[in-house]
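Below is one structure, written out as structure tokens; the observations come after it.
The values are calculated or read from the model by the stated rules, or taken from the named source; none is laboratory data. Predicted model only: the values in this text are computed from it and were never measured. Because the Cβ atoms are built from the backbone with ideal geometry, glycine has one as well, and the counts that use them run over all protein chains shown. Ligands, DNA and RNA are excluded from the accessible area calculation, which covers all protein heavy atoms including side chains. Shrake-Rupley method; radii C 1.70, N 1.55, O 1.52, S 1.80 Å.
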Amino acid sequence: MSDQPVNPDTPAAPEADENQIIAERRAKLAALRAKGIAYPNNFQRDHLAGDLHEAYEDHDRDRLDLNPVVVKIAGRIMLKRVMGKASFAQLQDSSGTIQLYLTDSYPGKTQHADFKHFDTGDTVGVDGVLFKTKTNELTVRVKNIVMLAKSLRPLPEKHHGLTDQEQRYRQRYVDLMTNEETRLRFVKRSRIIHSIREFFINKRYLEVETPMMHPIPGGASARPFVTHHNALDMQLYLRTAPELYLKRLIVGGLEKVFEINRNFRNEGMSTRHNPEFTMLEFYCAHRDYKYLMVTLEQMFRVVALQAIGVTKVTYQGREIDFMQPFAQLTITEAIKKYNTGITDELLNDRAKLVAKLQELKIPIREHDGIYGLQLTLFENTVETQLFEPTFIYHYPAEVSPLARRDDNNPDFTERFELYIAGREIANGFSELNDPEDQAQRFLEQVKQKDAGDHEAMHYDADYIRALEYGLPPTAGCGIGIDRLVMLLTDSPSIRDVILFPQMRPE
């Protein structure tokens, strides 16, 4: 990559070999080492580029000349133009960019000559004075410039940034320095999480932390990662969910708790799945699943407004208005709404339901009862069509091992899942607090695991013991933070909103 100005009428020269560029930059680093400390740590900046623009962008040239503003900034050189006795550069820090101006007179021939050997990507410290150019661009007239960190590798082509998608995921550090859209997305992610935390703290929830390594995996139907603790000589599992520990805290008397942290599931990867992901789980004693629905609607409106400034968002070309009431449908209502020719008779006849699934070439699990088959039909024909925020409720007990049964129909539970833009965003329910019922459901899960279901749960004897002390009526919910950030930042893939997504080795 050349740092010299380019005449647009001149044909582009072939790009230099990257190894050659790196060799040249290593030679420059060697020259810096020969002069003294190559990576100094004695420059302390006082200003950020974004703050300078905010404070002085509306100042005219005369005002800045009459009232000199002395600045001390540091950042990465993103662009550089050398024009004989004068040079321009664009310096970027975490807040934005600002232009630099150097001449043989200011900071002087020696430093200007040194600067001509600097490269894009180098990190520098600058002392100078603000002024406006003839084109009215806020600029730092450099009085002193020092190399702080030599960039040995060239930045991607300046007009396009890092465009290869896989390379952007693998080299997120380059993606962040060259793509403003990426930087802004992760700033928004931070704001979203901060807003969620603030929302629950304002509702008098207590933020807690629970273990990442579990002796027994639980709290979700998922295949765990396995590790080994040498000192204890025992097998441990990276947590698939914090649920069972958070409900132990409710038993202990912490009646409103939430946790934002990592979960790990040893499953496939897709645009919606990463083996390591961030979840919010919150639990409240003496509430039920209907309270959770109301709370989620409130949370989405507050977080969208605080984090991104609007309650209407566009996702992949379609608008979602969080101020509108969220729809509510049972699983069977949703199946009939989004499938033609599906009747209650078919849904309640196992043989006919199996035949329909086979007709649609949808795989089934042989041990599933009729309600499990209904869920399979829903997941394969309805989920992706639920674009507007929709609560799907009335989940069968056979696929909800931790949820409280519906008192009026014990085959079903007081459980819902929230779908937006064709994806599950949240899962919540009135918690099962009957220790004998829970023990029996764990045993059913063990049978499924013995039959080959790797995602079925283990029997957690200590959790049953906790329930035997008495879990008050409780409502609990989990929200996928990564999918929520995808939604609020219009990102098509979960890898776009995780700084370092899991990748195959290069």
So the FRET efficiency between T343 and N380, C-beta based with R0 = 22 Å and rounded to 0.05, is 0.75
Charge tally for neighbours of G428 with beta carbon under 14 Å away, counting Lys, Arg as +1 and Asp, Glu as -1, is -3
In degrees, nearest 10, the alpha-carbon axis of helix 350-359 is tilted away from the dominant principal axis of the alpha carbons of the chain by 30 degrees
The value for region 355-419 (convex hull of the alpha-carbon atoms, volume per residue, Å³) is 92 Å³
On the accessible surface of region 395-506, probed at 1.4 Å with all protein chains in place, carbon and sulfur together account for a percent value of 46 percent
In nanometres, the difference between 0.36 nm per residue of separation and the alpha-carbon distance of E198 and H228 is 7.2 nm
Of the listed pairs K116/K143; K28/K85; K85/K143; K109/K134; K361/K449; K80/K143, those with alpha carbons more than 19 Å apart are K28/K85; K109/K134; K361/K449
Note to self: with every protein chain in place and a 1.4 Å probe, the chain gives an accessible area per residue in Å² of 51 Å²
Cα-Cα longer than 22 Å, checked against K247/K290; K290/K356; K352/K447, kept in input order, equals K290/K356; K352/K447
Of 361-372, 48-59, ordering from highest average Cβ density within 10 Å down gives 48-59, 361-372
With R₀ set to 30 angstrom, the calculated FRET efficiency between the beta-carbons of R45 and E181, to the nearest 0.05, is 0.70
per DSSP, antiparallel bridges as share of beta bridges in the chain, % nearest 5, sits at 90 percent
If the chain between M78 and Y106 were fully extended at 0.36 nm per residue, the gain over the current Cα-Cα distance would be 8.0 nm
Asserting the computed 222 nm helical MRE of the chain (DSSP H runs at least 4 long, -39500 (n - 2.57) per run, divided by residue count, to nearest 500) equals -10500 deg cm²/dmol
With the convex hull built on the alpha-carbon atoms of region 73-220, volume per residue in Å³ sits at 199 Å³
